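Chemist: Here it is: the structure, laid out below.
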Amino acid sequence: PTRRAAVAGELAGLTLSPLPASTPVVTCGQYVQGALTADPGFSRPGQPFWRALGTLTRSAVDTWLFVVFDYLQALDLHDAACLAVDVQLPPQATATQLLVILHERDGGDYLAASGRSLSEPGAARLYVPLHAFRLMGQSKDPNGRLDLDQITAIRIGWGGYFGQEGEQVGFSLAAPRLAVREGR
């Protein structure tokens, strides 16, 4: 077999595939004032970016903010190895990780950490393996397993952060994509 040169931001053996179009919205906890705006500074042709910004309205309480991509038809992620998300993080002190939640049609929510701290500024392509998703603590799932053909929303954001009133926590992102093993 011939070796292929690695391309920056890509993992060898994986091909990125877009998901159906979805207009994202922001959802946040009681003590977060959230906003979601277009981010033309990082957008590329065919790949718009959005800027999510949360301003904490109370200190030392559990806070969260997620960008939600809803899908009218359930997604089937069986062919994917990972979800790929392009992000851009500004300099900030927030040490919590970016998280990804898969929401099933029957209401189950499955969580995985992205491996990227919000305190690491710069651009990154995050690969979140589908096998890393686990049922969230408060979530109920009738059959108790992640149904990869029943995904109706993907949420990307942060949670479990106990910051200071007035602190701003932000990130920019493009719509998630599937990372499919070549030859599938």
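Chemist: Would you calculate the separation in nanometres between label points at Tyr71 and Glu182, each defined as 7 Å from the Cα along the Cα-to-beta-carbon direction?
Modeler: Here the modelled spin labels are 2.4 nm apart.
Chemist: Additional query: Does the chain classify as rounded, prolate or oblate by the C-alpha gyration tensor (a ≥ b ≥ c root eigenvalues; a/c under 1.5 gives rounded; else a/b over b/c gives prolate, otherwise oblate)?
Modeler: Cα axes put the chain in the oblate bin.
Chemist: Taking the simple approach of a point 7 Å from Cα along Cα-to-Cβ for both His78 and Ala35, what is their distance in nm?
Modeler: Here the modelled spin labels are 4.4 nm apart.
Chemist: Pop out the ³J(HN,Hα) list for the stretch 138-151 in order, Karplus 6.51 cos²θ - 1.76 cosθ + 1.60 with θ = phi - 60°, rounded to Hz; leave Gly and Pro as x.
Modeler: The phi angles translate into 8, 7, 10, 9, x, 9, x, 9, 6, 9, 5, 9, 10, 7 Hz.
Chemist: Mind listing the long-range amide H neighbours of Asp86? Cut-off is under 5 Å, sequence gap 5 or more, other chains count too, H placed in the peptide plane at 1.01 Å from N.
Modeler: Correct list: Leu126, Ala174.
Chemist: At a Förster distance of 22 Å, what's the computed FRET efficiency of Gln168 paired with Ala113, Cβ-Cβ distance as r, to 0.05?
Modeler: According to the calculation, E is roughly 0.50.
Chemist: Which residues in the stretch 83-109 place their backbone N less than 14 Å from a point set 7 Å from the Cα of Ala132 along the Cα-to-Cβ direction?
Modeler: Residues 83-87, 97-102 fall inside that zone.
None of the figures in this text is laboratory data; all of them are computed from the coordinates on show. In this text the structure is predicted, and so the values were computed from the model without any measurement. Positions of Cβ are generated from backbone atoms using ideal geometry, with glycine treated the same way; all protein chains shown enter the neighbour counts.
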